[in-house]
Structure formats: structure tokens, C-alpha cells
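Written out below as C-alpha cells is the structure these notes cover.
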Amino acid sequence: MPKFQIIDNNNYINLPDSIKFNSKDKIVNRNGSYHQENDLTDMYRLISKKELKLEYKKRIINGFIGVLIVVCSFGIAFFFKFIKNLFKVKENIRFGVKYTIDEKELNGDIIINENIISKIKFFFNKITNRQGDDDIKFYNSQYNNRVFELKDVPGLIFKMNYNNAEDRYKKMINAHYVLRINSLALLVLPHAKIFDVNVNGESHKIIAEQKLNIIVNESMQESLFYNSKEKLNDTIKQLALFICKTGYSDVEFRNNPIINNENGIMDEKNKIALLDIEETAGAEIGLFRGFCRSGLIALVDKENNDAIKNIAQENNISIDNFESAVEIQKNKLMNYSDLQIFYKRKNISTGSEEIVVNIESLDLNIEDESKTNYAGTVMLVKLKDVAKAVIIKINELIQKNDKDNSIKGRRFIKLKMSGNLQKYSKFTYEYNGEESWVGKIIHSLVNKNHIFKLIRKVEQTYHIQA
Ligand SMILES: Nc1ncnc2c1ncn2[C@@H]1O[C@H](COP(=O)(O)OP(=O)(O)O)[C@@H](O)[C@H]1O
Ligand SMILES: [Mg+2]
């Protein structure tokens, strides 16, 4: 590694930069090296790299030592780089200035003016009630939080009512340190600034964040991650290190989406965002999963596993849960690839294709009849009628899903016994251990390859991957 010199200011290095200097702005310690356990009070930012002539005296001494060693070793020593360097007239030197982490770096160019504050005050009721319209757009967030965008303030996302906004903001400052110190340039923490808004004598802390260009949909992110595979290897390593250094644990596609460039295509550098780094329940959870938390392994392809495990070990994080995380990942990946094969075989390319079913071919006793009491009237119902209604409802739900979703997302539906199905709700219950009619119909649709899978039944709602 080239020599490193600490300087007070830029004045005396007015030579042009040497040609190759990829490390500009990286943070090093006093010896000029990276990735050390950095002492936060003693850091330096690389500002320049120059090729300088060695002092005359030094050249003479180096040359003398060099000749001596070469002669003593009968010329053999000359083949060693270290000895060759003794005869150099010029040397590369990297220059660094003292670096103290400054909150302003996190703030970027975010300015909170009176206009923004008065807008938030004006919409305060809507914000508390999560009442989205043309003026305010809400993002899916935790129950206690409000994440929103104001039409008149483009480029910013506001986050309000976090249990402790100041604490969250402090974690962002710390994350910024960790990214800078470890040169984790593939992870993008949005610029952020905290400010107060006073409504009816009460002060509310709000975080304003730079809006990053991401696809919000989680299922889209899942397919982006799986389709980017090796392009993301370095990014995943950086995220693993970030998790180890901070204990960040809410690692999910929705919180760590891939960043697009202006054209909506994935950035060639494959960066991912750190949108929600508030939760720091520990690196073991962040890497290998925890209660209601996927963990990094579940988000990535198996090619990344060894690297993640190594990074955990290097950072003294227990790998007790590594194997079980890999097992879950294996099932997830298999399921994902089976689904892709299923769609290919069925020529499903947009996601909104309807299922077309010949009810006679479903291996059901379609002539079975039963009475049901609906709205005070007793009706005689055939299993065939229920099957028809279920298929119509599945197709309706597929059509209704968000067009910006992935194919998988568009074909994930929650079939509830409501609307036209309401009158058949009796048939979702099981009698005397016998499977319900609706259950039988769905299983038959799966067995006959009309739909991919019944994922689960939650009370009276069937979660289906069609
Ligand atoms: N800086 C941002 N740029 C773009 N989208 C964002 C940004 N911050 C949040 N979002 C969107 O809003 C959602 C909720 O924000 P998040 O901070 O994760 O809230 P919560 O902490 O309640 O989960 C994210 O999943 C993401 O889709
Ligand atoms: Mg979140």
C-alpha cells in the first residue's frame, strides 16, 4: 500500500493527482489502513494521491543499501520487489486530513423551511389518520409510524410518530459513521434531517429523508434480488458487515430494496438502500433470522452463504443458527424456482392470466348437494355451484391485484368468503373431520395444476399462490 501522510490543509500538495486514485474520500486510520477497528476520535479522510520525487539524501541512502544487499546476495535480491523499490526515484504518497464525523454529511442538502412545516401542520389530522389523497401519499409502515410524502414537497419522505424519533435519528448518524469508516459504498443511507413541528401546543419530532429511487413492492424486490444474483455479491458482503457492526436486525426486502437509476433500471453498481435501520436486536437475527424477522440469508442466493458466515465469524458473531437459516433459504429458493417453472409451463407471462377450469375434470363429486341457510332462506346448493363461484372469485382477485407487482405478487390472493361467496360460507367449515367443500375445491385445483399452492388458511380466508 502506498505511503500515507497526514496533512493540515490542501495547500502544499498542488501537484496533479496521480492517475489511479479510487480511494478518494475513504476513511483510514493514522497508519493509512482501512477496515481496522477504527478509533472514532482518530480518523482521516483520503483527499489526494501524488507521485513525488524522493529527497536527494533519501535516494542516496536507499541506493546504497540496495546495492549492498544486491551485491551480498550475488544479485538474487534484485528480484524482490522490496529491494527494487529502493532504487526508485519517485514514490506514491496518499494524503489525508483529519476526519471527524459530521452530522451535516447525513443531512446532505435537506432544508426544512417554514413552507414545509406549515404544510405538515395543515395536514396534521390527515397524517394522524393515515388519510391518503392527492396531497399526501402514505407508505406501508408499522402501526405506530406514519411514512408519507407531500405532493408539494417532491424528493422528501417524512417519518413521524416513531416511538422515539431522536433515537432512530441517532442510529442513522451511527450508521453513517459505520458506512464511512468501513467504506461500505454499496449501501445507501438516505440523507436525513430531524425537525420539530408544533401542533396545538404539542411538539412532534419528524425525520425528513431523501426519497430514494426504489420499487416499493416487496415481491418485485424479491424477483430483483433473485434475478441479480452474482451482481449483488459485494453488496451482500457489505450488508453482512454492516449488520455485524451495528446489530441491525430488521433485514427485509422492503427495508433494503435495490436502488434504481433514473431510467428505472437497476444501478450498474448494484446498490441497496438502508431505509429502516432503527431496529438493532442483534447481528444474529439480522444475519440468520429471528421472530418475525427473515434475516439476510433468507433474502439472498446460496452462493452468498459462505461469505456471510465468514464475515460473522470474523466479527465474533455466533453462527449457531447458520445451518437452520440455510435450510429455510433452501426451501424458499426451491419454492421460488418451482413457481417459475409452473408459470413457464402454463405460459403465464403477465401475471393476470385467468385460470380456465373444466369443473368435470376436478375429481370432485360435483353433484353433491347440501342445504344452507342464507339470509333467512334455506337454499339447496350443489358442490358444482360452489366450485364455479370459487373459480370466478379467484379470477376476479387476480385481475384486481396491483399491475406494478411481480407475476408472483399479482397471483398471490386472499380468498375470503365475502361478496358472491358469502352465501357459501357454511362450506368453508369442516364437518365431522370431513374436509370442507371449499377446501376440497382448492386442493383439487392445486392437484390438477390450475393453481400453484394453498399457502395457508387464516380463519375463513385462504391464502393462495395462483
Ligand atoms: N427514503 C426513502 N426513499 C424511498 N422510499 C422510502 C424511504 N423510506 C421509506 N420508504 C418506503 O416506506 C416504507 C416504510 O418506511 P419505513 O421507514 O420502513 O417504516 P417502518 O419503520 O414503519 O417500517 C418502506 O418500506 C419504503 O417502501
Ligand atoms: Mg420498514
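Could you identify the single residue in LYS382, LYS423, LYS371, LYS388 that is within 41 Å of the chain's Cα centre (by Cα), at negative phi and not polar (S, T, N, Q)?
Numbers: LYS382 fails: within 41 Å of the chain's Cα centre (by Cα); LYS423 fails: within 41 Å of the chain's Cα centre (by Cα); LYS371 fails: within 41 Å of the chain's Cα centre (by Cα).
One residue alone meets the criteria, LYS388.
Looking only at residues that are charged (D, E, K, R) and under 15 Å from ILE359 (Cβ atoms) in segment 422-461, which one is surrounded by the fewest Cβ atoms within 10 Å (Cβ to Cβ)? Walk me through how you get there before you give the answer.
Filtering segment 422-461 for residues charged (D, E, K, R) gives 423, 426, 430, 434-435, 440, 448, 453, 456-457, 459.
Now narrow it down to the ones that are under 15 Å from ILE359 (Cβ atoms): 440, 448.
Values: LYS440: 20, LYS448: 13.
Restricting to residues being charged (D, E, K, R) and under 15 Å from ILE359 (Cβ atoms), the top hit is LYS448.
Need pairs with beta-carbon distance below 7 Å; first residue within 13 Å of ILE277 (Cα to Cα) and within segment 175-195, second more than 16 Å from ligand 2 (Cβ to nearest atom) and of a type in the set (Asp, Glu); sequence gap 6+ or separate chains.
HIS176/GLU105
Yes/no per residue for (1) more than 21 Å from the chain's Cα centre (by Cα); (2) surrounded by fewer than 17 Cβ atoms within 10 Å (Cβ to Cβ); (3) at pLDDT below 95:
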| site | (1), (2), (3) |
| --- | --- |
| GLU268 | no, yes, yes |
| LEU275 | no, no, no |
| GLU278 | no, no, yes |
| LYS302 | no, yes, yes |
| LYS309 | no, no, no |
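Scan segment 337-361 and report the pairs whose first residue is surrounded by 10 or more Cβ atoms within 10 Å (Cβ to Cβ) and whose second residue is among the aliphatic types (A, V, I, L, M) and not in a helix (DSSP H, G or I), with Cβ atoms within less than 7 Å and a gap of 6+ or a chain change.
ILE355/ILE451; ILE355/ALA466; ILE359/ILE366
Scan segment 88-99 and give yes if some residue there is surrounded by fewer than 16 Cβ atoms within 10 Å (Cβ to Cβ), among the charged types (D, E, K, R), within 30 Å of LEU275 (Cα to Cα) and modelled with pLDDT of 80 or more, otherwise no.
Looking for residues that are surrounded by fewer than 16 Cβ atoms within 10 Å (Cβ to Cβ), among the charged types (D, E, K, R), within 30 Å of LEU275 (Cα to Cα) and modelled with pLDDT of 80 or more, one finds at least one in segment 88-99, hence yes.
Is there any pair linking a residue in segment 423-445 that is without any contact (Cβ under 8 Å) to a residue 12 or more places away in the chain to one that is in a helix (DSSP H, G or I) and hydroxyl-bearing (Ser, Thr, Tyr), with Cβ under 8 Å and at least six apart or on different chains, and which?
SER436/THR428
Do we have any residue at all in segment 212-221 that's charged (D, E, K, R) and over 10 Å from the mean Cα position of the chain (by Cα)?
If we filter segment 212-221 for residues that are charged (D, E, K, R), which is where we start, we get 218.
Checking which are over 10 Å from the mean Cα position of the chain (by Cα) leaves us with none.
The answer is no; no qualifying residue exists.
Where in segment 226-315 are there helices (runs of 4 or more DSSP H), lying wholly inside it, with at least 3 residues that are within 15 Å of ligand 2 (Cβ to nearest atom)?
Numbers: elements: 233-246, 283-288, 305-314.
Qualifying helices (runs of 4 or more DSSP H): none found.
If you check LYS88, LYS57, LYS84, which single one turns out to be closer than 25 Å to ASP17 by Cβ, not assigned by TED's automatic domain parsing to the domain that holds LEU189 and not in a loop (DSSP other than H, G, I, E, B)?
Only one candidate qualifies: LYS84.
Kindly list the number of the only condition in (1) free of Cβ contacts under 8 Å to residues at least 12 places away in the same chain; (2) surrounded by 12 or more Cβ atoms within 10 Å (Cβ to Cβ) that fails for SER48.
(1)
Look through segment 1-16, keep the residues that are closer than 15 Å to ARG30 by Cβ and of a type outside the set (Asp, Glu), and return whichever of them is modelled with the lowest pLDDT.
That would be MET1.
Residues checked against (1) more than 10 Å from ligand 1 (Cβ to nearest atom); (2) of a type outside the set (Gly, Ala, Ser); (3) surrounded by fewer than 21 Cβ atoms within 10 Å (Cβ to Cβ); (4) in contact (Cβ under 8 Å) with a residue 24 or more places away in the chain:
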| residue | (1), (2), (3), (4) |
| --- | --- |
| CYS244 | yes, yes, no, yes |
| SER249 | yes, no, no, yes |
| ARG254 | no, yes, yes, yes |
| ILE258 | yes, yes, no, yes |
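What pairs come up if the first residue lies in segment 363-384 and is within 19 Å of GLN422 (Cβ to Cβ) and not assigned by TED's automatic domain parsing to the domain that holds TYR424, the second is at pLDDT 90 or above and surrounded by 15 or more Cβ atoms within 10 Å (Cβ to Cβ), and their beta carbons are under 8 Å apart, counting only those six or more places apart or on different chains?
Listed by first residue and then by second, the contacts come to nothing, as the list is empty.
What are the pairs with Cβ atoms under 7 angstrom where one residue, in segment 315-331, is touching a residue at least 40 places away in the same chain (Cβ under 8 Å) and the other, located anywhere, is surrounded by 14 or more Cβ atoms within 10 Å (Cβ to Cβ)? Sequence gap at least six, or different chains.
From segment 315-331, the pairs are ASN315/CYS244; ILE317/CYS244; ILE317/ALA283; ILE317/GLU284; ILE317/LEU287.
The values are calculated or read from the model by the stated rules, or taken from the named source; none is laboratory data. Everything numeric in this text was worked out from a predicted model, so none of it was measured. When we count neighbours, we look across all protein chains shown, and the Cβ atoms used for this are built from the backbone with ideal geometry, even at glycine.
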